[in-house]
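For reference, the structure discussed in these notes is given below.
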Amino acid sequence: MNDMIVIKDLHKYFGHIEAVKGVDLTIRQGEVVIVIGPSGSGKSTVLRCINHLETPTSGGIYIEGVHLEDKKTDINAVRAEVGMVFQQFNLFPHLTALENVTIAQRLVRKRDKAEAERIGMAQLERVGIPEKANAYPRQLSGGQQQRVAIARSLAMNPKIMLFDEPTSALDPEMIKEVLDVMLDLAKEGMTMVVVTHEMGFARAAADRMVFMDGGQVVEIASPEELYNNPQHQRTKLFLSKILTH
């Protein structure tokens with residue numbers, strides 16, 4: 001298995017606050033890694049550094065062997081291989097679902113309109129809402145908007161998908177429809193890094209789970225090991241709060 005993402009001694013400061021304190025993590029091709037931990041533990045910052053939305057203060061991130069901090073690296077070329085789905089859906093309100101899914105394909109992948117629309121429709125089908133192609137974001141539920149956002153990322157044929165708490169802005173009844181799409185992706189072998197509080201999804205989808213606290217990786221284990229036999233007191237405390245709900 002190839003290493004898709006290698007994070008070496010990652011540190012990130014915001015002013016005087018050190019949000020990430022020396023994280024090391026390797027994610028292999030086809031692996032689903034789920035990152036959990038309390039708010040402010042640095043989970044989302046690590047994800048944003050992988051996509052270079054944040055620049056590491058020190059340390060290195062390698063995507064398929066390409067060092068993101070190397071001056072010679074074309075960050076946009078690397079980013080084109082990495083899809084990211086956020087808490088907020090970030091759809092263009094004046095564009096239909098299909099237009100939202102085709103715009104980056106045309107700008108970044110230089111596909112013509114017909115090809116971009118064909119691929120866009122295939123991805124809307126994949127996330128279960130082809131009938132919403134001509135609807136505008138305001139006409140869609142939160143769960144449907146998030147599925148359009150996932151389709152938009154998938155239409156770029158990424159090698160890696162990053163999800164930053166993709167269900168946290170959704171009403172409870174919409175969470176399952178988004179997690180089902182993500183579970184299908186995991187089964188198809190997509191390399192995924194997911195920051196989430198959805199423990200049932202983590203158990204079903206994760207190859208490995210990473211527990212972060214205070215900007216550091218505290219523990220890495222399979223879901224079964226982490227849930228049934230956590231090694232660290234901080235992990236036990238966190239899980240005791242979250243798994244009882």
Ignoring ligands, DNA and RNA, what accessible area per residue does the chain give at 1.4 Å, in Å²? 47 Å²
Protection-proxy order for peptides 103-112, 70-79, each taking the mean of Cβ atoms within 10 Å per residue, highest first: 103-112, 70-79
Counting sequence-distant residues (5 or more places) and residues on other chains, those with an amide H built under 5 Å from that of E219 are F211
Report, in cubic angstrom per residue, the convex hull volume of the C-alpha atoms of the chain. 130 Å³
Protein accessible area in the chain, 1.4 Å probe - carbon and sulfur %: 49 percent
With respect to the cross-link table entries K132/K176; K21/K241; K8/K241, which display a Cα-Cα separation exceeding 27 Å? K8/K241
Working from Cα positions, state the angle (0 to 90°, nearest 10) between the long axis of helix 142-154 and the longest principal axis of the chain. 90 degrees
Taking the Cα centroid of the stretch 197-245 and of the stretch 29-62, what is the distance between the two, rounded to the nearest whole Å? 17 Å
Nonlocal amide H pairs with G22, under 5 Å, H built at 1.01 Å: L10, H11, K12
Computed on Cα atoms, Rg of the stretch 27-101 relative to 2.2 N^0.38 Å comes out at 1.30
Amide H neighbours of V35 under 5 Å, at least 5 residues apart or on other chains, H built in the peptide plane: list them. V194, V195, T196, V210
With +1 at each Lys and Arg Cβ and -1 at each Asp and Glu Cβ, the charge dipole magnitude of the chain around its Cα centre, to the nearest 20 debye, comes out at 420 debye
Could you tell me the calculated FRET efficiency between K113 and I75, based on Cβ-Cβ distance and R0 = 25 angstrom, to the nearest 0.05? 0.40
Potential lengthening between N229 and S39 on full extension [0.36 nm per residue; Cα-Cα distance subtracted]: 66.1 nm
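The values are calculated or read from the model by the stated rules, or taken from the named source; none is laboratory data. Given the structure is predicted, the values throughout are model-derived calculations rather than measurements. Heads up, the Cβs are rebuilt from the backbone with ideal geometry, glycines too, and the neighbour counts pull from every protein chain shown. Accessible surface areas use protein heavy atoms only, side chains included; no ligands, DNA or RNA. Shrake-Rupley method; radii C 1.70, N 1.55, O 1.52, S 1.80 Å.
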